[in-house]
Number of protein chains: 2
Amino acid sequence: MSDADLARTPEPPYYAVIFASIRTGQDDAGYATAADRMMELASEQPGYLGVDSVRDATGVGITVSYWSSETAIAAWRRNAEHTLAREQGRKNWYGAYELRVAKVERAYGFRR
Amino acid sequence: MSDADLARTPEPPYYAVIFASIRTGQDDAGYATAADRMMELASEQPGYLGVDSVRDATGVGITVSYWSSETAIAAWRRNAEHTLAREQGRKNWYGAYELRVAKVERAYGFRR
């Protein structure tokens with residue numbers, strides 16, 4: 001079993017930003033640096049509750065970040081460094097993406 | 001760029017089932033067969049809108065399936081073959097998982 005862990009979030013309701021993407025394969029180093037930085041920066045924002053993120057060898061990735069409110073999501077979207085990273089994403093890093101904002105209504109987990 | 005594609009869903013609102021998991025590393029063959037079968041079976045259910053699914057080499061995976069309504073999600077949950085697979089998941093395949101049911105309120109995408 002992996003050493004990885006999953007995000008531990010409070011009882012619903014809260015919000016999820018579901019970001020599914022396909023990498024272009026361009027600029028792996030720049031992408032990796034920016035992805036790490038965005039994870040760090042997101043975790044410092046008010047209302048951030050956690051994140052789960054996976055990318056496979058074919059370049060398909062899903063990142064789900066959890067937030068206390070729509071206000072928190074809007075503030076993170078306006079963050080200047082995040083805005084620059086999104087521009088780079090459209091220019092270089094992503095062949096396609098879909099972003100969905102969703103209200104988590106119920107949740108349950110299992111741990112061995 | 002990958003040949004993979006992302007789910008194409010209708011305009012919100014609709015529902016997302018966000019399933020984040022960590023594999024035990026046990027029974028890879030049985031897991032792969034069941035995972036393929038569940039993807040096929042889910043796609044045949046009323047109200048199914050699509051799925052995005054990624055698992056990385058460390059065994060962490062995120063599968064997000066999209067549904068027209070909570071009723072559709074509840075019916076899929078009651079499916080007998082799906083129920084058996086979930087039992088196998090807790091017994092053998094997953095070290096941990098978190099399942100969240102969320103209402104997608106807005107969405108946008110980008111394609112090169």
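What the Kirkwood sum gives for the protein assembly as shown is a hydrodynamic radius of 18.0 Å, with every pair of different alpha carbons counted. In nanometers and ordered shortest first, the copy-to-copy spacing of the A:Ala75 label point, defined 7 Å from Cα toward Cβ, is 4.2. Around A:Thr63, what is the net charge, scoring Lys/Arg as +1 and Asp/Glu as -1 over all other residues with Cβ under 15 Å from its Cβ? With Lys, Arg at +1 and Asp, Glu at -1, the neighbours total 0.
As a proxy for reagent exposure, ranking A:Asp28, B:Asp56 by other Cβ atoms within 10 Å from fewest up yields A:Asp28, B:Asp56.
Counting only aspartates and glutamates at least 8 places from A:Lys91 when in the same chain, those with an alpha carbon closer than 17 Å to its own are A:Asp27, A:Asp28, A:Glu81. The packing ranking, built from the mean of other Cβ atoms within 10 Å per residue, places the peptides A:33-39, A:106-112 in the order A:33-39, A:106-112, highest first.
Once the Cβ-Cβ distance between B:Glu105 and A:Glu11 is put in as r, and R0 is 30 Å, what FRET efficiency do you end up with, to the nearest 0.05? Once the sixth-power term is evaluated, E becomes 0.95.
Cross-link partners of A:Lys103 among lysines, defined as those whose alpha carbon lies under 21 angstrom from its own and excluding same-chain residues fewer than eight positions apart: B:Lys103.
Please label the shape of chain A as rounded, prolate or oblate, based on the square roots a ≥ b ≥ c of the eigenvalues of the alpha-carbon gyration tensor (a/c under 1.5 means rounded; beyond that, a/b larger than b/c means prolate, else oblate). Because a/c hits 1.5 or more and a/b fails to exceed b/c, chain A counts as oblate. Compared with the dominant Cα axis of chain B, that is its longest principal axis, helix B:28-43 is turned about 30°. Using the Cβ-Cβ distance between A:Thr33 and B:Glu87 with R0 set to 45 Å, the FRET efficiency from 1/(1 + (r/R0)^6) comes to roughly 0.60. Across the identical copies, the label point of A:Gly30 (7 Å from Cα in the Cβ direction) is separated from its matches by 4.8 nm, in order from shortest. Each other copy holds its own label point for A:Gln45; taking that point as 7 Å from Cα along Cα to Cβ, the gaps run 3.0 nm, nearest first.
Taking 2.2 N^0.38 Å as the expected size of a compact globular protein, what ratio does the Cα radius of gyration of segment A:29-82 give against it, to two decimals?
Ratio of Rg to 2.2 N^0.38 Å for segment A:29-82: 1.19.
The 3J(HN,Hα) values that the Karplus relation (6.51, -1.76, 1.60; θ = phi - 60°) gives for segment A:51-59 are, in residue order, 8, 10, 8, 9, 9, 9, 5, 7, x Hz. Gly and Pro appear as x.
To the nearest 500 deg cm²/dmol, what mean residue ellipticity at 222 nm is calculated for chain A from DSSP H runs of n ≥ 4 alone, each contributing -39,500 (n - 2.57), summed and divided by the residues?
-9500 deg cm²/dmol
No lab work stands behind these numbers, since they all come straight from the coordinates. In this text the structure is predicted, and so the values were computed from the model without any measurement. Counting neighbours? That spans all protein chains shown, and the Cβs are built from the backbone with ideal geometry, glycine included.
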